[in-house]
Amino acid sequence: ARHTATPTAGVPLRLAHRGPYQPGPVFDLLQREAVAGVEEVSGESGRRVYRRTLRLPYGTGIVAVQERTGRAGRPGTGTGGWLEARLHLTDLRDLTTSVQRLRRLFDLDADPYAVDERLGADPRLAPLVAARPGLRSPGTADPDELAVRALVGRAEAERLVQRYGKVLDAPCGTLTHLFPEPAVLAEAAPDGTAG
């Protein structure tokens, strides 16, 4: 039996991070750069949810990550915590790959103490580092997708998604497509027709 892309419950996860974490700037950037059909950020600042589609080795997925950090203390303080996430996968064999991609996207494996120490050694950066400990640099859920987006920009990426992206078997709200595969884009003619 074929699974749908959005099972009722999904897989709830806590994506742990080391040290302080500033989720706000990460979600700000993801919201500014979201590609319609593939990504969305909803909610008000401090309580946003980032959702996106994933093309995975065994199927597809839709992931949701909450902006708030899980911990007794305030976000951005303390020795560690986590981001709450929920994964909806067509094949559970993709669980590990999905988690790895989310960890890279949200820069959860960084060593914030080493980064802050190194950047804080610069007298011009020291006050900025002290004011926002644990600031992270978002990565990507898909390196091929990032390369295309960096070359063409967000508006053109949205056009490519609509024209060449695979439509989800079970769309979920505004998430309707997977980002086009590199092979599909490579075969597209410059005038926008398939080669």
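The values are calculated or read from the model by the stated rules, or taken from the named source; none is laboratory data. No experiment lies behind these values; they were computed from the predicted model shown. All Cβ positions, glycine included, derive from the backbone under ideal geometry; neighbour counts span all protein chains shown. When the accessible area is computed, the model is the full protein with side chains, heavy atoms only, and any ligands, DNA or RNA have been set aside. Shrake-Rupley method; radii C 1.70, N 1.55, O 1.52, S 1.80 Å.
Mean-square fluctuations from a GNM of the chain, with a 10 angstrom spring cutoff on Cα atoms, peak among 175, 30, 119 at 119.
Coupling constants for the range 62-70 follow from the phi torsions by the Karplus curve (6.51 cos²θ - 1.76 cosθ + 1.60, θ = phi - 60°), and in residue order they are 10, 10, 9, 10, 8, 5, 5, 8, x Hz; glycine and proline get x. Over the chain, Cα pairs under 8 Å with separation of 6+ residues give a relative contact order of 27 percent. For the range 28-168, the solvent-accessible area of protein heavy atoms averages 53 Å² per residue (probe radius 1.4 Å; ligands and nucleic acids excluded). Peptides 17-29, 84-96, 121-133, ordered by how many other C-beta atoms sit within 10 Å of their residues on average, highest first, read 17-29, 84-96, 121-133. Which of 152, 80, 173 sits farthest toward the positive end of the charge dipole of the chain, with +1 on the Cβ of Lys and Arg and -1 on the Cβ of Asp and Glu? In the chain, that residue is 80. Distances between placed amide hydrogens fall under 5 Å for residue 70 paired with 82, 83, 84, all partners being 5 or more residues away or on another chain. Ligands, DNA and RNA left out, the 1.4 Å accessible surface of the range 11-184 is 55% carbon and sulfur atoms. Scalar couplings 3J(HN,Hα) for the range 124-136, obtained by applying the Karplus form with A = 6.51, B = -1.76, C = 1.60 to θ = phi - 60°, are 6, 8, 3, x, 5, 5, 5, 6, 9, x, x, 5, 10 Hz; x denotes Gly and Pro.
Converting phi to 3J(HN,Hα) with the Karplus coefficients 6.51, -1.76 and 1.60 and the offset θ = phi - 60°, the range 36-45 yields 4, x, 10, 9, 7, 10, 10, x, 8, 3 Hz in sequence order, with x at every glycine or proline.
Rounded to the nearest 20, the size of the Cβ-charge dipole of the chain about its Cα centre is 600 debye, with Lys and Arg at +1 and Asp and Glu at -1.
From the residues 140, 16, 63, which one has its Cα farthest along the dipole of the range 11-184 in the positive direction, the dipole being from +1 and -1 charges on Cβ of Lys/Arg and Asp/Glu about the Cα centre? The Cα lying farthest towards the positive end belongs to 16. Dimensions of the range 139-192 along the principal axes, based on C-alpha atoms and rounded to the nearest Å, stand at 29, 29, 20, largest first. Amide H contacts of residue 107 (H built 1.01 Å from N, in plane; Pro and chain starts excluded): 139 sit under 5 Å, all sequence-distant by 5 or more or on other chains.
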